[in-house]
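Working notes, structure below.
Nothing in this text is a laboratory measurement; each read-out follows from the coordinates by a stated rule. All of these numbers come straight from a predicted model, not from anything done at the bench. Using ideal geometry, Cβ is built from the backbone for each residue, glycine included, and neighbour counts are taken over all protein chains shown.
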There are 2 protein chains.
Amino acid sequence: MKARVYIRLKPAILDPQGKAVLHSLQQLGYDEVKSVRIGKLIELEIDNSDPDVMKRIQELSHKILTNPLMETFDIKIDEDDAA
Amino acid sequence: MKARVYIRLKPAILDPQGKAVLHSLQQLGYDEVKSVRIGKLIELEIDNSDPDVMKRIQELSHKILTNPLMETFDIKIDEDDAA
């Protein structure tokens, strides 16, 4: 199965990379864009024979993939590998 | 409105960052993880008064946010700003 982990900066955390992209977009005429925040999308291919697989994905996302001080995450599971 | 742009490396493109994360996960005992691919999640806050707004989001995603040689993108629109 495939697990997608969406990682975002917490709202209180400044995002200089996003600010730089926003500035570029506005310079290039995309004035309708008012804010840009950049996060991560991590796709994991997982052997789901373990019955605790969801708990383990939660755990590795919290402990390893994200920095819980600065980031939050959501997990989406895709049982069908084709997606 | 909010637009989310999900950017992924094309399948044929190597992902050394993902490989490094995979290696760390396996070292730490998460052997069920078989592959890791790392992409980007870009959240745009957009003033949607322009009737062509979807076309413009497509355009800026293609021209500016992604490298079309190496990456693909999907866009999701969230009319409700609360999400």
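So for B:I7, B:I42, fewest C-beta neighbours within 10 Å to most, what's the order?
Listed from fewest to most nearby Cβ atoms, that is B:I7, B:I42.
Between B:P16 and the same site in the other copies, what are the distances in nm, shortest first, taking label points 7 Å from Cα along the C-beta direction?
2.3
Compare the Cα positions of A:N67, A:Y6, A:S49 along the charge dipole of chain A (+1 at Cβ of Lys, Arg; -1 at Cβ of Asp, Glu; about the Cα centre) and return the one farthest towards the positive end.
A:N67
Considering only chain B, pick the residue with its Cβ nearest the axis of the rotation onto chain A, and state the distance in whole Å.
B:L41, 2
Which entries of A:K2/B:K10; A:K76/B:K55; A:K10/B:K2; A:K40/B:K63; B:K40/B:K76; A:K40/B:K55 have Cα-Cα distances beyond 22 Å here?
Correct reply: A:K76/B:K55; A:K40/B:K55.
Run the numbers on chain A and let me know its relative contact order in percent, using alpha-carbon pairs under 8 Å that are six or more apart.
Relative contact order here is 53 percent.
Distances in nm, one decimal, shortest first, from A:M1 to the same residue in every other copy, taking the label point 7 angstrom along Cα→Cβ.
Here the equivalent label points are 3.2 nm apart from this one.
Please report the Cα spread of chain B along all three principal axes, rounded to whole Å, starting with the longest.
Largest to smallest, the principal-axis extents are 50, 32, 13 Å.
From the label point of B:K63, set 7 Å from Cα along Cα→Cβ, how far away are the matching label points in the other copies, in nm, ordered shortest to longest?
4.7
Provide the per-residue ³J(HN,Hα) series for region A:23-38, in order, calculated from phi with Karplus coefficients 6.51, -1.76, 1.60 and θ = phi - 60°, each as a whole number of Hz, with x at glycine and proline positions.
Once rounded to whole Hz, the list reads 4, 4, 4, 5, 4, 8, x, 8, 5, 6, 7, 9, 7, 9, 10, 10.
Rounded to the nearest 20 Debye, what is the dipole magnitude of the protein assembly as shown about its Cα centre when Lys and Arg each give +1 and Asp and Glu each give -1 at the C-beta?
560 debye
Sort B:V36, A:V21 so that the residue with the fewest other Cβ atoms within 10 Å of its own Cβ comes first and the one with the most comes last.
By the 10 Å Cβ count, ascending, the order reads A:V21, B:V36.
Can you give the FRET efficiency to the nearest 0.05 for B:V53 and B:D74, using r as the Cβ-Cβ distance and R₀ = 22 Å?
It comes out at approximately 0.85.
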